[in-house]
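Here is the structure we will look at, set down as structure tokens.
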Amino acid sequence: MAGGAAMWRLAVRREGHFPPRVRLSFAEAGQLQSRCMAKVILKDLKKVYPNTEKKKKAKKGEESAEKKSSLQITEEGVVAVQQFSLEIADKEFIVLVGPSGCGKSTTLRMIAGLEDITSGKIYLDNTFLNDILPRDRKLAMAFQNYALYKYMNVYDNMALGLKLRDLPRTVINTRVKTAAAFLGISDILTKKIRSISDSERQRVALGRAIVCHPKVLLVDEDFAHQDDNLRKDMIHDILKINKELGITVLYVTNNYEEAVSLNSRIIFMKDGKVIEDSI
């Protein structure tokens, strides 16, 4: 393995691109870097949104907004997440399940740094994440609608985050091509996003996430647009990422049967709180 890796690096330096006859798996490529632990600790997370809407009398025959959402409304505002504590082990696959509006996606966004935290603490190993920018958290999140640039090709979409980090061209090329091979999309790297299928776009979005070598992958339930076939493809891919790459995964869904079928640890959530842990 060491000799092969040395030859691979030498070929990249000489040719300036990924050698066609050298086929490293993405897992092998990851072994060329130091593997750090990825234990996630969430302590008493709380998210309160300001209640800007004035209270209105519910129209006859309609429920009030408060009753529909079942979220607690206090003097602070609307409490979306409260008393949320959880420890996620390195390389673990966690399923966060609960009804729509219970705070699952808000929790993911707080972990990713895309949502301000009202109170509580987030740690990745021994690193306190609360004040760290999203791009520096060593996390990746699979976005709804994939957030891809449809007029750019697949390669450039997957490489974009690496280019913004000013990584060397050879490193970018290697990471993109090995990730594409891992996800089975090597043959569409030159195609425009607008010309590929939804299933392929889904894999491109996952590929763009893993080329950054995240410690943790966050996947929201809306990522697969609720399409059964897309969801099956997506679940297959994220299980593969977890098992073969050793990336910790936190997956959110409101489908209880789907959660159980994954044979993983399940966290049940309701009204912004953890109500049960299957561990």
List the residues whose amide H sits under 5 Å from the amide H of residue 141, counting only those 5 or more places along or on another chain, with H placed 1.01 Å from N in the peptide plane. 218
Name the long-range amide H neighbours of residue 81: under 5 Å, sequence gap of 5 or more, or other chain; modelled H, no Pro or chain starts. 47
Of 127, 100, 142, farthest towards positive along the dipole that unit charges on Lys, Arg, Asp, Glu beta carbons give region 99-159: 100
Region 124-160: trypsin sites (Lys or Arg not before Pro) falling in loop per DSSP and having at most 13 other Cβ within 10 Å: 150
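Report the far tail of the P(r) of region 154-279, meaning the percent of Cα-Cα pairs longer than 27 Å.
Details: 1862 of 7875 pairs.
Cα-Cα pairs in region 154-279 separated by more than 27 Å: 24 percent.
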Got the relative contact order for region 107-202 handy, in percent, Cα pairs under 8 Å and 6 or more residues apart? 25
Take the alpha-carbon centre of region 194-259, take the same for region 67-132, and report the distance between them in whole Å. 20
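Read-outs throughout are calculated quantities, based only on the coordinates presented, and are distinct from any laboratory measurement. Remember, it's a predicted structure, so these values are computed and weren't measured experimentally. In this analysis, Cβ positions are derived from the backbone assuming ideal geometry, glycine residues included, and neighbour counts consider all displayed protein chains.
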